[in-house]
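The values are calculated or read from the model by the stated rules, or taken from the named source; none is laboratory data. Since the model is a prediction, treat every value here as computed from it, not as a measurement. Neighbour counts are summed over all protein chains in view; Cβ atoms, including those assigned to glycine, are modelled from backbone coordinates with ideal geometry.
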Amino acid sequence: MRYLIAILALAGVIVSGLTLRVHYSTETAPCAINEHWDCGIVNHSSFAEVAHIPVAAVGILGYLMLATLSIFRWRFLLFLTALVGLGFALRLTMIEEYALGTWCLYCVISQIIIAFITLASLGWFTMEYAALRRARRPIKLRP
């Protein structure tokens, strides 16, 4: 499970890197499909930065942290970090929907990736917790 989460996190790094490229580019975004799907509009808006740091750079750091936590098997911290990332991604999705009215294809892909990472980390943590609970139970001997 840890390698699956690490691979998903690395895919998130790639998508966030593409998003960061759009953020700093002045050219037409490669994902500018129509007026409802345009990464350039989203990534050049005032919502694309947090404390003068591009949201895509925050995503890169977050995904790298998730990959590291999964490789070192820190399941609970991985789940909590993924949950924070999912919450942040949902906030950005609400901004795209209600404030901008435009969707970023890269952002939606990142949303899907962080949702899968959150579900996988929850499943991994739950399986480990259940295994530890079973191991703690005393063995009943038959007479």
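Scanning for something closer than 17 Å to residue 119 by Cα and not aromatic (Phe, Trp, Tyr), does the stretch 56-65 turn up at least one residue? Outline the logic, then answer.
Let us first name the residues in the stretch 56-65 that are closer than 17 Å to residue 119 by Cα, namely 62-63, 65.
Retained after the next criterion (residues that are not aromatic (Phe, Trp, Tyr)): 62, 65.
There is at least one residue in the stretch 56-65 that is closer than 17 Å to residue 119 by Cα and not aromatic (Phe, Trp, Tyr).
Going residue by residue through the stretch 83-100, is there one that turns out to be within 16 Å of residue 123 (Cβ to Cβ), in a helix (DSSP H, G or I) and among the hydrophobic types (A, V, I, L, M, F, W, C)?
Keep residues of the stretch 83-100 that are within 16 Å of residue 123 (Cβ to Cβ), which gives 83, 86.
Applying the additional criterion that residues be in a helix (DSSP H, G or I) yields 83, 86.
Now drop any that are not among the hydrophobic types (A, V, I, L, M, F, W, C), which leaves 83, 86.
Yes.
Residue 52 - would you say it is in contact with a strand residue (DSSP E or B) (Cβ under 7 Å, 6 or more places away or on another chain) and either among the polar types (S, T, N, Q) or surrounded by fewer than 16 Cβ atoms within 10 Å (Cβ to Cβ) (or both)? So that I can check it myself, show each step before the final result.
Working: in contact with a strand residue (DSSP E or B) (Cβ under 7 Å, 6 or more places away or on another chain): no; either among the polar types (S, T, N, Q) or surrounded by fewer than 16 Cβ atoms within 10 Å (Cβ to Cβ) (or both): yes.
In short, no.
Give the residues of the stretch 62-105 that are buried (at least 17 other Cβ atoms within 10 Å of the Cβ), touching a residue at least 60 places away in the same chain (Cβ under 8 Å), over 12 Å from the mean Cα position of the chain (by Cα) and farther than 19 Å from residue 22 by Cα, sorted by residue number.
Passing the criteria: only 70.
Could you tell me which numbered condition residue 19 fails, if it satisfies all but one of (1) at pLDDT 90 or above; (2) among the hydroxyl-bearing types (Ser, Thr, Tyr); (3) part of a loop (DSSP other than H, G, I, E, B)?
Among (1) at pLDDT 90 or above; (2) among the hydroxyl-bearing types (Ser, Thr, Tyr); (3) part of a loop (DSSP other than H, G, I, E, B), residue 19 violates only (3).
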